[in-house]
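> Following this message is one structure expressed as C-alpha cells.
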Amino acid sequence: MNARPVAALGVALTTFLVVAALLTDLLAARIAFSAIVGLPVGLVAGAASGIATWTRLWGVSRARPHLLGTAAFGYALLAVAAVSYSVPPARRFVSVETAVPFAAVCAIAAFLLARRYATRIA
C-alpha cells in the first residue's frame, strides 16, 4: 500500500491545526483578531511539513509509523469536528477535552498498526 500521500496530507493537516490553534491562543491576550495571524502561519507550517514529509521524511522507513501516527491525529480531529458540525445532538459531548484524547488514541493505534505491518507500507 502506498501511504505516502495519506501521510503527507495528514501531517500537513495536523501541523496546520496545532500551529494555528497554539498561535491563535497565545496571541489572544495581545491581539484582538489573533486568528488573522495564527491561520496563515499555520497554513505555511502545514504546507512546509507536508512537503517535507512527501520529499524527505517518507524515505526513512523507520519514520513511517511516526508519520502515519501524526497524520491519524489530524484526521481524527477533523472527523470529530465534522461530527460536531453535522450532528447537532453530539455537540454537547464534543469539546477540546474529548476530541484531543480521542485523536491521541487514534494516533497511537495508527502508529502501532504501522509499526506492526511495516512491510506492507511502501
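> Would you mind checking the tilt of helix 4-27 against the longest principal axis of the Cα atoms of the chain, expressed as 0 to 90 degrees and rounded to 10?
Between helix and principal axis, roughly 30 degrees.
> Additional query: Rolling a 1.4 angstrom probe over the protein chains, ignoring ligands and nucleic acids, what is the accessible area of PHE93 in square angstrom, nearest 10?
For PHE93, the solvent-accessible surface is approximately 130 Å².
> Another question about this same structure. In whole percent, and with a 1.4 Å probe on the protein chains, what portion of the accessible area of region 55-122 is carbon and sulfur?
Result for region 55-122: 68 percent of the exposed heavy-atom area is carbon or sulfur.
> Here's something else I'd like to know. Once Lys and Arg get +1 and Asp and Glu get -1 on their Cβ, which of ALA35, GLY59, LEU78 lies farthest toward the positive end of the dipole of the chain?
Comparing the listed Cα positions along the dipole, GLY59 ranks first.
> Once both axes come from the Cα atoms, what is the angle between helix 96-116 and the longest principal axis of the chain, in degrees from 0 to 90, rounded to 10?
That works out to roughly 10 degrees.
> If you don't mind, there's one more thing I want to ask. Counting residues in region 6-115 as N, plug N into 2.2 N^0.38 Å and put the Cα Rg over that result.
Dividing the Cα Rg of region 6-115 by 2.2 N^0.38 Å gives 1.14.
> Let me know the charge dipole size of region 1-98 about its Cα centre in debye, to the nearest 20, where only the beta-carbon of Lys, Arg (+1) and Asp, Glu (-1) is charged.
220
> Of the peptides 75-87, 11-23, 58-70, how do they stack up when ordered by the mean number of other Cβ atoms within 10 Å, highest first?
11-23, 58-70, 75-87
The values are calculated or read from the model by the stated rules, or taken from the named source; none is laboratory data. A quick note: this is a predicted structure, and the numbers were derived from the prediction, not measured. No Cβ is skipped: glycine too gets one built from the backbone with ideal geometry, and neighbour counts run over all protein chains shown. Ligands, DNA and RNA are stripped out before the accessible areas are found, and what is left, the full protein with its side chains, is counted by its heavy atoms. Shrake-Rupley method; radii C 1.70, N 1.55, O 1.52, S 1.80 Å.
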